[in-house]
Amino acid sequence: MRSILVTGAAGFIGSNFVRMLMSRGEDVKLVVLDKLTYAGNIANIQDLIDDEKLFFVKGDICDAALVEQLWTNHAINQVVHFAAESHVDRSILSSGPFVQTNVVGTQVLLDVAKAKGVDRFVHVSTDEVYGSLPEDKPDVKFTEETSLAPNSPYSASKAGSDCLARSYFHTHHLPVMITRCSNNYGPYQFPEKALPLFITNLMEGKKIPLYGDGMNIRDWLYVEDHCDAIWTVLNKGTPGEVYNIGGNNEMTNRKIVETILREMGKTWDDGVQYVKDRPGHDRRYAIDASKIKRELGWEPKHRWEQAIKTTIQWFKDHQDWWRAIKSGEYLKYYDQQYTQR
Ligand code: NAD
Ligand code: TDX
């Protein structure tokens, strides 16, 4: 049986990833290492911890001694590295934790993997490392050859970690693969990110805070499709390669908001407030995901029209989950981000 170290699996995508593997009955032992930062939530995987296939450790990926110990105790032979500080707006308020976890933490994992040995290592990255695309050239998309041009402290720290991952392949022959995915949505997404924030604000009788002119474009992918793509890369990817992952589903933020308002029976005037734009706000992201389809046979299975309904229903059905998050530290952040600016 394979023993896979999954970092950051108490967060949004990581928890969906381990849930997917458990529900499929994959023959794996999963060792979850998560610091449980504000974004990590043990409730996301609590029901899975009882299973003997999943072993949870609360700890920091920057703690080399702990990571080494996990490797020895659990005979780790594969890694899927999700752990990160992941919210662009927080990186604008304070970038230190982003450099520490995303750059230093990744370096620690790569060093331990080099020292202890690993069969395969998937570094989960983002399309944001490529920077921003022009909106007047809809045919232009990010390919794996697009130069890195990160614009936020978040994407700069992820680009730093990508470069480290790449260098450990070239210099040390570590079998690293890098994935760069577009915006995810779905169950367990922390309600500071656009979609869950918009949905839960409407449920609380608050407005959707829409940045700038609302015409920024993102490519949206349902989280299960991203998890399936990562599993595909872990099993079939070629070490040293980068794989873009996307939904072929570009939309302006206004279009997203219109869909959510319609699904939730609200009008634009009742539900939306334009607010000051995000500094350095990237205008457009679009992914060319033809390489992963051509070489590994992966393509998204979920369609936006249905998956956004499923997502909204999940937040309606899990109010205890998000109401517990939207308190305490979250309210201080919300005030700083939306009221004081
Ligand atoms: P998230 O913020 O929901 O979860 C991050 C998890 O990492 C949390 O559980 C947190 O506790 C943990 N963590 C943070 N610092 C840690 C540390 N020092 N040691 C151990 N654990 C730590 O993030 P997410 O949205 O699930 O994103 C997961 C990964 O996917 C990230 O690397 C992110 O850059 C990448 N990604 C996200 C998206 C998206 O749309 N959310 C898209 C593309 C790529
Ligand atoms: O209150 C808001 N109002 C608003 O208009 C928020 C939080 C966001 N937005 C806009 C900004 C973006 O154009 O919505 C869009 C999506 O915003 P986020 O959910 O913050 O996502 P983004 O900045 O695009 O980054 C996400 O996708 C790539 C994830 O947070 C990253 O972790 C991932 O790497």
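So the values come out like this:
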{"quantity": "Eligible lysines near K291 by straight Cα distance, threshold 16 Å, same-chain separation 8 or greater", "calculated": "K141, K236"}
{"quantity": "Cβ-based exposure ranking for F190, F12, in which fewest neighbours within 10 Å come first", "calculated": "F190, F12"}
{"quantity": "Compactness of the chain - radius of gyration and Dmax, Cα, Å", "calculated": "19.2, 58"}
{"quantity": "Derived scalar couplings ³J(HN,Hα) [segment 185-193; Karplus, 6.51 cos²θ - 1.76 cosθ + 1.60; whole Hz; x for Gly, Pro]", "calculated": "8, x, x, 6, 6, 5, x, 9, 7"}
{"quantity": "Qualifying trypsin sites (Lys or Arg not before Pro) in segment 57-129, DSSP loop, other Cβ atoms within 10 Å at most 15", "calculated": "none"}
{"quantity": "Proportion of all alpha-carbon pairs of segment 1-129 beyond 24 Å (%)", "calculated": "24"}
{"quantity": "For the chain, share of DSSP beta bridges that run antiparallel, in % to the nearest 5", "calculated": "5"}
{"quantity": "When each of K137/K332; K53/K207; K35/K116; K58/K206 is checked by Cα-Cα distance, pairs over 31 Å", "calculated": "K137/K332; K53/K207; K58/K206"}
{"quantity": "Those aspartates and glutamates that a straight Cα-Cα span of less than 18 Å connects to K326, excepting residues fewer than 8 apart in one chain", "calculated": "D89, E192, E204, D317, D335"}
{"quantity": "Reachable aspartates and glutamates, given that their alpha-carbon falls under 14 Å from the alpha-carbon of K158 and they are not under 8 places away in the same chain", "calculated": "E85, D127, E128"}
{"quantity": "Shape box of segment 120-232 [Cα atoms, principal axes, largest first, Å]", "calculated": "54, 33, 26"}
{"quantity": "Convex hull volume of segment 198-341 per residue (C-alpha atoms, cubic angstrom)", "calculated": "146"}
{"quantity": "Fully extended contour minus Cα-Cα distance, from Y330 to E144, at 0.36 nm per residue", "calculated": "63.4 nm"}
{"quantity": "Residues in segment 166-205 that a label on V275 would reach, taking backbone N under 17 Å of a point 7 Å out along Cα→Cβ", "calculated": "190-205"}
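All of the numbers you see were taken from the coordinates with simple rules; none came from a lab. Being a predicted model, the structure only gives us computed values, none of them experimental. Glycine gets a Cβ as well: all are built from the backbone with ideal geometry, and neighbour counts include every protein chain shown.
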